[in-house]
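Chemist: Here it is, the structure, as structure tokens.
The values are calculated or read from the model by the stated rules, or taken from the named source; none is laboratory data. Note that the structure is a prediction, hence the values are computed from the model and not measured. Every residue, glycine among them, receives a Cβ derived from its backbone with ideal geometry; neighbour counts consider all protein chains shown.
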Amino acid sequence: MQVTELEQAYTKAEQEASFTLTPEERAATQTLAGDLSALWQAETTTYADQKQLLRLAIESVQLNGVSQPGWIELQIRWRSGVVTRLEVKRIQRGEWSLKTPVQVVARIHELAANLSYAQIAKELNAAGWHTAFGRPFTSQHVGYICRRDGCGHKGHRALGDADQTRV
């Protein structure tokens, strides 16, 4: 008995929720649907409107970040029945972090064999180079890059090094 009541309530709610478009409204809707790009890019279309358009157009989205290491597979099922498949490269740790320009690192490697960290910093600053944060180079910054990359032999060393020289 309860199932029948629920079915009747559902049918009644469906009928009450339905509406009919006038011929003018139907024509306007078809015109808009024919040029979604213009609707999407219109100055009057807000981000909330765009979000609502996507919700109306997309049936489901599935993500698979396991089967291909370093990649995320997306599958978008549109309400029209079309399925779009995409593969997106997964962002690696540190990929978006600020980095010292490659040319500067190469120059540090060249100079590290013969100059101290302070001398290298002075030369980089004189050439107009800056760190990833836009600051002048210091011996500490140069030293970090040299230690990280395993190059150079002059400058500040860890305590206990027998050949430590002060500059």
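Chemist: For the range 56-67, how many residues are out of contact with any helix residue (DSSP H, G or I) (no Cβ under 9 Å at 6 or more places or on another chain) and surrounded by 12 or more Cβ atoms within 10 Å (Cβ to Cβ)?
Modeler: 4
Yes or no, residue by residue, for (1) out of contact with any helix residue (DSSP H, G or I) (no Cβ under 8 Å at 6 or more places or on another chain); (2) under 30 Å from Thr84 (Cβ atoms); (3) surrounded by 10 or more Cβ atoms within 10 Å (Cβ to Cβ):
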residue: Gln8; (1), (2), (3): yes, no, yes
residue: Gln15; (1), (2), (3): yes, no, no
residue: Glu24; (1), (2), (3): yes, no, no
residue: Thr31; (1), (2), (3): yes, yes, yes
residue: Ala38; (1), (2), (3): yes, yes, yes
residue: Thr44; (1), (2), (3): yes, yes, no
residue: Leu54; (1), (2), (3): yes, yes, yes
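Chemist: Separate question: Six or more apart or on different chains, Cβ under 8 Å: which pairs go from a residue in the range 103-129 that's closer than 16 Å to Arg148 by Cβ to one that's in a loop (DSSP other than H, G, I, E, B) and among the β-branched types (Val, Ile, Thr)? Could you list them?
Modeler: Matching pairs, first to second residue: Tyr117/Val167; Ala121/Thr138.
Chemist: Being basic (Lys, Arg) and more than 25 Å from the chain's Cα centre (by Cα) narrows it down to one of Lys122, Lys99, so name that one.
Modeler: Only one candidate passes the filter, namely Lys122.
Chemist: Which ones in the range 62-87 are of a type in the set (Ser, Thr, Tyr), under 23 Å from Ala33 (Cα atoms) and modelled with pLDDT of 90 or more?
Modeler: Thr84
Chemist: Would you please list the contacts, defined by Cβ atoms under 7 Å and residues six or more apart or on different chains, that run from a residue in the range 83-102 that is over 29 Å from Ser60 (Cβ atoms) to a residue that is modelled with pLDDT of 90 or more and surrounded by 10 or more Cβ atoms within 10 Å (Cβ to Cβ)?
Modeler: Sorted first by the residue in the range 83-102, then by its partner, the pairs are Thr100/Thr131; Thr100/Ile145.
Chemist: If only one of Leu63, Leu111, Leu86, Leu74 is aliphatic (A, V, I, L, M) and assigned by TED's automatic domain parsing to the domain that holds Ile145, which one is it?
Modeler: Among Leu63, Leu111, Leu86, Leu74, only Leu111 is aliphatic (A, V, I, L, M) and assigned by TED's automatic domain parsing to the domain that holds Ile145.
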